[in-house]
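Engineer: Got a structure for you, written out below as structure tokens; questions coming shortly.
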Amino acid sequence: MRLLFKLLKQNVSITQILGFVIVNLIGGVIVLFGVQAFKDFNTLEQSEEQLLSKSSIVITKSVSALNTASGVARTFSDSEIEELKEFASVASVGEFRTSNFKVKAIFQFDEKSGFNTDLFLDAVPDEFVKNSYDAINDENIEWQAGVDSDTVPLILPRNYLNLYNFGYAASSGRPVVSEKILGKFPIKLVAKDSKGNQKEYTGIVCGLTNKINTILVPWNFVTEANEKYSNGEKKRPTRLIITTDAKEFDDSVVDFIDEKGYIIEGDSSHVRLQNFIYALLFVVIGIGFIFSLLAFFMLVISIMLLIEKNKEKISNLYSMGYSVGRIAKTYQYMAYGIDAAVWFVAAIIATCIYPMFSELMASASPDFVAASLFIIWAVAVILAVLFASMHGLVVYRQVKKICK
Amino acid sequence: MIQTIKLSKVNLKVFVDMPPSGPVSEVWNSDVAFNRGGSYLIEASSGRGKSSLCSFLYGLRNDYVGEISFVGDDGREFTGDKCDYVKIRQQSMSMMFQEHRLFPELSSVDNVMLKSQLTGFTKETEVREMLTRLGLKDRLDTLCGKMSYGQQQRVAFVRALCQPCDFIFLDEPISHLDEGNARIMSEMLRERQQKDGVGVIVTSIGYRLPYDYDTVLKL
């Protein structure tokens, strides 16, 4: 093998190989970085919104000065709900039911500190919550409560936690609370009717959502409590929850909602922003891949030229009794070595620079946990093997062409 | 192991296309058999297809008509177009090419070892001894590209001996050698033939390798 390598390495162009190495390094680092960023962003997206999946959004009607003056809330009529249901990509539409009685929430951190506030509760039909709720609820608290229950499961807007962590906790020197331990802090809820009758419930936080800006409780609890603590009058919904058959909402639904003058609750630009970030990551990965592909073909051409330059030697070796496979192996090992080295270095560079990006992500989102960089190495190994195999195949075919 | 190489009405395609139907000789368009252990001289003037015949037998070219077949020691016969020539070139047939086919960027020892390491048939010390015997002692580590044609011819000859085989083809092996080196070459060839019982097929355009040929064929 030593002699064969000594013979066949003649005419190797260092410039061409250097060109390949540089271009492939640039492409490789971009691809590996992009794939890791994509994975982390995806994980963050999933962890941020498990309760009400990407396939659901909450809409309201915009409030105008006229509404303010008349004091009439803008509710959804039956025909408007039907129109939404008929929209092709809408799978189901659920109404929000709001508490019509006074509710006070008391947040007690310890014996000395805490705060309380008046608020109201919301409910959507249980099927919009239940599936994902069951999957993420570690405490096995059922999404179910009646007016006579002592505990009530709650879903809080994520904004509340952010408000606490970045506002109250920061200013009062209290420790920040992560989503995972939020369930350990029960919230006291006091429901009161107009005659002064009241009942105390223990609210247990079972999840957070970006999509609803009010506290969500089980449908049955609000229905029964409205009857018990108010006159039981049914009001038209001011908000609707919509789900789609697709994995997530496409822009056509968002455009339709815009057209109708409805507003997506929560972070209204979230869907578009999320799609934009995904598209951006795809473009980044795509650019990296184009670089890598260019480099791949650079090495192919380089190898083909080298083999062509050594054509006579290869032909003589073949006539001496060397098999195509054995001759090709010299160039294949060369290509394998270069591919492996380039992807190894690309993975090292990506591993070194990625933490800078993850620090940036972590400062933007407290729930961002820097994932293991395994994906960088896994993708690097896969692409190195893929590139090397294809280079190996090209070499074999080229040598075989000479050894006819 | 190949015991016999048979040629049955073999002729160059290019000859066949010539009117009336190409030349007829003791080899072309005839039935010839080369047996293991035998020694054959094929004589012809230039342009009669000596090197082409070697290439046909060695499986490097197939632009011929007729049939070339090999008979194994088990009596089975297989034709040239159904052979694994890589295996045959490693184990059964050795060729000293007229144009040598050496690698100018390798030394004479490396050129021979490149062949020998395919099968591990000859050690480097033996290679050095053989080259020394042919007067190349001070050229052992010289690049072949810097050696004379006659020196290269001797290296090519040693290379042909450094592999296991049933037949050795020597295509004009001494065209650039003096009598002394030609005599040493034939001694080395005879030793090899006596040791392993190989068949020897030599071509010549007039200047013969001195050897006890069993058969002389005119091409």
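The values are calculated or read from the model by the stated rules, or taken from the named source; none is laboratory data. Everything quoted here is computed from the prediction, not taken from an experiment. Virtual Cβ from ideal backbone geometry, glycine too; neighbours counted across all protein chains shown. In case anyone asks, the SASA skips ligands and DNA or RNA and just uses the protein heavy atoms, side chains included. Shrake-Rupley method; radii C 1.70, N 1.55, O 1.52, S 1.80 Å.
Engineer: Looking at (1) in contact with a helix residue (DSSP H, G or I) (Cβ under 9 Å, 6 or more places away or on another chain); (2) at pLDDT 90 or above; (3) not polar (S, T, N, Q), which one does residue A:368 not meet, given that it meets all the others?
Structural biologist: So residue A:368 meets the others, but not (2).
Engineer: Which of the residues spanning the stretch B:26-55 are aliphatic (A, V, I, L, M), outside any loop (DSSP other than H, G, I, E, B) and under 25 Å from residue B:99 (Cβ atoms)?
Structural biologist: Correct list: B:32, B:41, B:42, B:53.
Engineer: So, one more: Regarding residue B:146, is this residue open to solvent by 10 Å² or more (accessible area, probe 1.4 Å), over 13 Å from residue B:109 (Cα atoms) and not hydrophobic (A, V, I, L, M, F, W, C)? Even if it seems obvious, please write down each step before you answer.
Structural biologist: Details: open to solvent by 10 Å² or more (accessible area, probe 1.4 Å): yes; over 13 Å from residue B:109 (Cα atoms): yes; not hydrophobic (A, V, I, L, M, F, W, C): yes.
So residue B:146 passes the test.
Engineer: Just to be sure, is residue B:183 charged (D, E, K, R), buried (at least 22 other Cβ atoms within 10 Å of the Cβ) and more than 14 Å from every other protein chain (Cβ to nearest Cβ)?
Structural biologist: Values: charged (D, E, K, R): yes; buried (at least 22 other Cβ atoms within 10 Å of the Cβ): no; more than 14 Å from every other protein chain (Cβ to nearest Cβ): yes.
Criteria not met by residue B:183.
Engineer: Could you look through the stretch A:316-363, keep only residues that are among the β-branched types (Val, Ile, Thr) and within 14 Å of chain B (Cβ to nearest Cβ), and pick out the one that is most open to solvent (accessible area, probe 1.4 Å)? It would help to see each step written out before you state the result.
Structural biologist: Narrowing the stretch A:316-363 to residues among the β-branched types (Val, Ile, Thr): A:324, A:327, A:330, A:338, A:342, A:345, A:348-349, A:351, A:353.
From what's left, within 14 Å of chain B (Cβ to nearest Cβ): A:324, A:327, A:330.
Numbers: A:324: 19, A:327: 0, A:330: 1 Å².
Ranking the qualifying residues of the stretch A:316-363, first place goes to A:324.
Engineer: Quick one: count up the residues across the stretch A:235-273 that are within 30 Å of residue A:194 (Cβ to Cβ), modelled with pLDDT of 75 or more and charged (D, E, K, R).
Structural biologist: 3
Engineer: For the stretch A:115-132, check the following and say yes or no: at least one residue is under 29 Å from residue A:190 (Cβ atoms), at pLDDT below 80 and open to solvent by 50 Å² or more (accessible area, probe 1.4 Å).
Structural biologist: yes
Engineer: Kindly establish whether residue A:276 is at pLDDT below 90, aromatic (Phe, Trp, Tyr) and surrounded by fewer than 19 Cβ atoms within 10 Å (Cβ to Cβ).
Structural biologist: So residue A:276 passes the test.
Engineer: When only residues in the stretch A:133-150 that are open to solvent by less than 70 Å² (accessible area, probe 1.4 Å), out of contact with any Pro (no Cβ under 8 Å at 6 or more places or on another chain) and at pLDDT 85 or above count, which is farthest from residue A:201 (Cα to Cα)?
Structural biologist: A:146
Engineer: Go through the stretch A:152-248 and tell me which strands (runs of 3 or more DSSP E), entirely inside it, have 2 or more residues that are open to solvent by 50 Å² or more (accessible area, probe 1.4 Å) and in contact with a Lys or Arg (Cβ under 9 Å, 6 or more places away or on another chain).
Structural biologist: In the stretch A:152-248, the matching strands (runs of 3 or more DSSP E) lie at A:187-192, A:198-209.
Engineer: Run residue A:45 past the list (1) modelled with pLDDT of 70 or more; (2) assigned by TED's automatic domain parsing to the domain that holds residue A:329 and report the number of the one that doesn't hold.
Structural biologist: Unmet condition: (1).
Engineer: Also: Only one of A:311, A:404, A:329, A:400 is at pLDDT below 90 and under 22 Å from residue B:90 (Cα atoms). Can you tell me which?
Structural biologist: The match here is A:404.
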